[in-house]
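*Asks:* Please see the structure below; I have some questions.
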Amino acid sequence: MTNITIIGAAGRMGRRLIALTAEDPELQLVGAVDAFADKLRDVDAGLHAGVSELGVTFTTSLDAVLPKTHVVIDFSAPTQTVNYVRSAFAAGAAYVLGTTGMSQDTRDELAILARGGRLVAASNFSIGVNTLFVLVEQAARILGESYDVEIIEMHHNQKKDAPSGTAETLGELVAGMLDLDYVTDTRHGRHGLVGARTKREIGMHSLRGGDVVGDHTVIFATGGERVELSHKASSRDTFAAGALRAAKFVVGAEPGMYDMRDVLGLRTGK
Ligand code: NAD
């Protein structure tokens with residue numbers, strides 16, 4: 001049995017993670033951490049997630065639940081990520097990180113921390129999107145720099161960060177294949193008299209509206225044709241199921257930083 005604590009447990013992803021954990025005979029929910037927990041005092045996390053009572057009430061304190069936790073699953077906000085990961089590793093717990101919108105400094109700090117702990121971090125835990133990652137790398141390798149690459153993502157109107165973490169991963173993969181620098185060579189939207197598109201750029205466009213769970217399209221366009229690779233998520237359960245699969249993987253892994261392609265055995269070289 002693997003004991004799971006969820007951070008962001010009252011949120012959209014947190015509720016689905018709790019529901020799927022409750023259905024899985026190999027997993028047991030032992031902690032439900034959320035910054036809103038004061039407003040949910042004495043509320044059972046299972047009932048809040050729309051499943052049966054699980055005997056776990058919300059808390060704001062990760063430290064309070066770490067002694068019984070084998071794996072922390074964090075889908076919250078990036079403000080406390082480094083502190084949470086540090087505390088989890090100090091208590092011997094592994095960490096599955098789904099939160100997006102982290103700064104490069106935070107990512108660098110996590111990579112250092114992961115030398116002494118087990119961490120799976122992924123901008124997207126769905127199997128379909130991780131397949132898209134592999135296909136986009138292959139397309140960039142085959143089509144090369146004569147094809148213009150534009151990335152479009154759409155999410156619900158409550159999403160706080162833009163572009164999505166998944167779109168950033170797609171951009172980083174394309175940049176890696178085409179010897180571009182993702183940070184300096186990405187053009188975020190276009191407005192006004194911006195001039196002709198240059199060859200050394202990746203276009204990035206974020207749409208927001210309604211209840212869209214997550215759509216991503218990568219367009220490779222050249223004279224006479226274009227290739228479009230798309231993924232559309234219609235349920236958060238695809239991310240939650242992937243995160244639980246990552247939790248089962250990381251609990252038995254060596255210390256280090258992994259992503260979903262390690263979990264799925266999908267890693268490919270350039
Ligand atoms: P949400 O706003 O519905 O839920 C976030 C929850 O986290 C809220 O209940 C909030 O109170 C809580 N929270 C915020 N800061 C906290 C903190 N410091 N400590 C404890 N709890 C805190 O958001 P959501 O749609 O569930 O998404 C959560 C995160 O997961 C976002 O960063 C989102 O981009 C990311 N996400 C990642 C994937 C993936 O596959 N990697 C998929 C979907 C969403």
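The values are calculated or read from the model by the stated rules, or taken from the named source; none is laboratory data. Since the structure is predicted, the reported quantities are computational estimates derived from the model, not experimental observations. Positions of Cβ are generated from backbone atoms using ideal geometry, with glycine treated the same way; all protein chains shown enter the neighbour counts.
*Asks:* Restrict the check to the stretch 33-54 and report whether at least one residue is under 24 Å from A114 (Cα atoms), within 10 Å of the ligand (Cβ to nearest atom) and surrounded by 22 or more Cβ atoms within 10 Å (Cβ to Cβ).
*Replies:* Of all residues in the stretch 33-54, those under 24 Å from A114 (Cα atoms) come to 33-34.
Add one more test, that the residue is within 10 Å of the ligand (Cβ to nearest atom), and what stays is 33-34.
Filter once more, so that each one left must be surrounded by 22 or more Cβ atoms within 10 Å (Cβ to Cβ): 33.
The answer is yes, given that some residue of the stretch 33-54 is under 24 Å from A114 (Cα atoms), within 10 Å of the ligand (Cβ to nearest atom) and surrounded by 22 or more Cβ atoms within 10 Å (Cβ to Cβ).
*Asks:* Within the stretch 63-84, track down each residue that is in contact with a Gly (Cβ under 7 Å, 6 or more places away or on another chain), among the aliphatic types (A, V, I, L, M) and either in a loop (DSSP other than H, G, I, E, B) or without any contact (Cβ under 8 Å) to a residue 60 or more places away in the chain (or both).
*Replies:* Those that are in contact with a Gly (Cβ under 7 Å, 6 or more places away or on another chain), among the aliphatic types (A, V, I, L, M) and either in a loop (DSSP other than H, G, I, E, B) or without any contact (Cβ under 8 Å) to a residue 60 or more places away in the chain (or both): none in the stretch 63-84.
*Asks:* Still on this structure: Might you check whether a residue that is surrounded by fewer than 17 Cβ atoms within 10 Å (Cβ to Cβ), within 13 Å of the ligand (Cβ to nearest atom), at pLDDT 95 or above and outside any helix (DSSP H, G or I) occurs anywhere in the stretch 116-138?
*Replies:* no
*Asks:* Go through the stretch 88-105 and count every residue that is more than 17 Å from S164 (Cβ to Cβ) and more than 12 Å from the ligand (Cβ to nearest atom). Steps first, answer last, please.
*Replies:* Residues of the stretch 88-105 that are more than 17 Å from S164 (Cβ to Cβ), as a first pass: 88-96, 105.
Within this subset, residues satisfying the condition of being more than 12 Å from the ligand (Cβ to nearest atom) are 88-95, 105.
Number of matching residues: 9.
*Asks:* Can S206 be described as within 13 Å of the ligand (Cβ to nearest atom) and part of a strand (DSSP E or B)?
*Replies:* Considered against the rule, which asks whether it is within 13 Å of the ligand (Cβ to nearest atom) and part of a strand (DSSP E or B), S206 comes out as yes.
*Asks:* Is it true that T222 is surrounded by fewer than 17 Cβ atoms within 10 Å (Cβ to Cβ) and touching a strand residue (DSSP E or B) at 6+ places or on another chain (Cβ under 9 Å)?
*Replies:* yes
*Asks:* Then there's this: Quick check on A243: is it within 25 Å of Q104 (Cβ to Cβ), at pLDDT 95 or above and surrounded by 13 or more Cβ atoms within 10 Å (Cβ to Cβ)? Before the answer, list the steps.
*Replies:* Working: within 25 Å of Q104 (Cβ to Cβ): yes; at pLDDT 95 or above: yes; surrounded by 13 or more Cβ atoms within 10 Å (Cβ to Cβ): yes.
For A243, the condition - within 25 Å of Q104 (Cβ to Cβ), at pLDDT 95 or above and surrounded by 13 or more Cβ atoms within 10 Å (Cβ to Cβ) - is met.
*Asks:* Pick from G192, G101, G92: which is in a loop (DSSP other than H, G, I, E, B) and closer than 25 Å to H70 by Cα?
*Replies:* Of the residues listed, the single one that is in a loop (DSSP other than H, G, I, E, B) and closer than 25 Å to H70 by Cα is G92.
*Asks:* Check A111 against each of (1) within 11 Å of the ligand (Cβ to nearest atom); (2) surrounded by fewer than 16 Cβ atoms within 10 Å (Cβ to Cβ) and name the one condition it does not meet.
*Replies:* (1)
*Asks:* Restricting to the stretch 45-85, name every residue that is among the charged types (D, E, K, R), over 27 Å from G165 (Cα atoms) and touching a strand residue (DSSP E or B) at 6+ places or on another chain (Cβ under 9 Å).
*Replies:* E53, K68
*Asks:* Can you say whether R197 is part of a strand (DSSP E or B), at pLDDT 95 or above and either among the charged types (D, E, K, R) or surrounded by fewer than 12 Cβ atoms within 10 Å (Cβ to Cβ) (or both), as far as the supplied structure shows?
*Replies:* no
*Asks:* Test each condition in (1) buried (at least 20 other Cβ atoms within 10 Å of the Cβ); (2) over 18 Å from the mean Cα position of the chain (by Cα) for S164 and report the one that comes out false.
*Replies:* The failed condition is (2).
*Asks:* Turning to a different aspect of this structure: If the requirement is being aliphatic (A, V, I, L, M), closer than 27 Å to F125 by Cβ and out of contact with any helix residue (DSSP H, G or I) (no Cβ under 6 Å at 6 or more places or on another chain), which of these qualifies: V149, V218, V194, V183?
*Replies:* V183
*Asks:* Across the stretch 218-242, what is the total count of residues that are part of a strand (DSSP E or B) and under 18 Å from N130 (Cα atoms)?
*Replies:* 8
*Asks:* Test of understanding: among L244, L229, which residue is within 15 Å of G98 (Cα to Cα), of a type outside the set (K, R) and in contact with a Leu (Cβ under 9 Å, 6 or more places away or on another chain)? Walk me through how you get there before you give the answer.
*Replies:* On the way: L229 fails: within 15 Å of G98 (Cα to Cα).
Just a single option satisfies the conditions, and that option is L244.
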